[in-house]
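Quick notes on the structure that follows.
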Amino acid sequence: MIIGAMNDPKKNVAEEVALFGEMGFDYFELTIEAPGAHPDKLMREKKAIQDVLSSYNFGVLAHMPWYFSVAHPYPSIQEAISKEFCRAFDVAAEFGAKKATLHSEFLPSGIQERQVHTAKTIETIRKLHKEAEARGIELLVENFNASSFSIKDFKQLFSEVDMGMTFDVGHAFTSDGEGMENYLAQFRKRVKHVHLHDNDRRTDQHLPLGAGKVDVARVVKEIRAFYDGTITLEVHSQDRDYLRISREKLEILWYGKKKFEENKEYLQPEAKKN
């Protein structure tokens, strides 16, 4: 398991990298969003960001703007959005990202017929998958909820496009999320990346681990049974200490308390002297 954190797109990216580095994270998930992580801003600050990334030996994963549509009912608008996705892919490649996560469509399905909604989503993702691949990036699609893109829709997508999934645990546990067990029963072989956060099992809250009603211990046990890759803690608390606490909780659940303490002593030998 490799544990990462995602920047708050309203904050300075280099400072976010340094914060996560000091917290002991293993990599950085760069969400390429305005205002703090707009593509133009990222390229202007590229050297400063890369210097901090190098100082913590961080690899980079990328995340596309969650609010970008992939099935917009107006073709000209969808075309413009897709061009912005490609700009984000270019920036992700500049920072060495080999994987990028894209949200499934977030527009309410009532805006257009469900069949059209699903078909447009698949058409756009197919095109973007090729664009990302041309830049050396593996594009992963993330679950949101059944209104956005259901398990049935994902099955259709994967029958037409051979690609992986970013499994978002918190999203699966919302009232419209269709449940972790149902996703994993269908797509565990597709899971190439994980987002982990807590909630009240009703709405998408991005709470620290243990602050909501998700049985995080059971979740970690289920994931650990088949997966040993990157896990980003998508904790959106204003108090960033909760991000560090969530990382420690995840490590204890994954490795056990004894192994966690041994790892902590290895990584922070100075602690022994205090």
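The numbers here are math on the coordinates, done by the rules we state, and not lab data. Every value quoted in this text rests on a predicted model; they were computed, and no experiment measured them. Positions of Cβ are generated from backbone atoms using ideal geometry, with glycine treated the same way; all protein chains shown enter the neighbour counts.
For the range 32-47, a tally of residues being surrounded by fewer than 16 Cβ atoms within 10 Å (Cβ to Cβ) and assigned to a helix (DSSP H, G or I) returns 5.
Selection of the range 173-204 for residues being of a type outside the set (Asp, Glu), buried (at least 19 other Cβ atoms within 10 Å of the Cβ) and part of a loop (DSSP other than H, G, I, E, B) yields Phe173, Thr174, Gly177, His197, Asn199. For the range 48-99, taking the residues that are farther than 17 Å from Ala14 by Cβ and of a type in the set (Ser, Thr, Tyr), the one that is surrounded by the fewest Cβ atoms within 10 Å (Cβ to Cβ) is identified as Ser76.
Looking at the range 37-48, can you tell me whether even one residue there is out of contact with any Phe, Trp or Tyr (no Cβ under 6 Å at 6 or more places or on another chain) and under 17 Å from Leu140 (Cα atoms)? No, the range 37-48 contains no residue that is out of contact with any Phe, Trp or Tyr (no Cβ under 6 Å at 6 or more places or on another chain) and under 17 Å from Leu140 (Cα atoms). Only one of the listed residues (Glu105, Glu29) is outside any helix (DSSP H, G or I), in contact with a Gly (Cβ under 8 Å, 6 or more places away or on another chain) and either touching a residue at least 12 places away in the same chain (Cβ under 8 Å) or surrounded by 14 or more Cβ atoms within 10 Å (Cβ to Cβ) (or both). That residue is Glu29.
Each residue in the range 79-102 was checked for being in a helix (DSSP H, G or I), among the aliphatic types (A, V, I, L, M) and in contact (Cβ under 8 Å) with a residue 24 or more places away in the chain, and 4 of them qualify. Taking each residue of the range 64-77 that is without any contact (Cβ under 8 Å) to a residue 60 or more places away in the chain and closer than 20 Å to Glu138 by Cα and looking for partners that are part of a loop (DSSP other than H, G, I, E, B) and charged (D, E, K, R) with beta-carbon atoms closer than 8 Å, six or more apart or interchain, yields Pro65/Glu33; Trp66/Glu33; Ser69/Glu105; Val70/Glu105.
In the range 135-172, the qualifying residues are those that are touching a Gly at 6+ places or on another chain (Cβ under 8 Å) and in a loop (DSSP other than H, G, I, E, B), and the one that is farthest from Val216 (Cα to Cα) is Ala146. Do you know which residues across the range 138-171 are within 27 Å of Glu94 (Cα to Cα) and crowded, with 22+ Cβ neighbours inside 10 Å? Selection gives Leu139, Leu140, Val141, Asn143, Met165, Thr166, Phe167, Asp168. For the range 212-251, what are the residues that are under 21 Å from Arg202 (Cα atoms), small (Gly, Ala, Ser) and without any contact (Cβ under 8 Å) to a residue 24 or more places away in the chain? Hit for the range 212-251 is Gly212, nothing else. Taking the criterion of being of a type outside the set (Ser, Thr, Tyr) and touching a His at 6+ places or on another chain (Cβ under 6 Å), the only residue of the range 7-38 that qualifies is Glu29.
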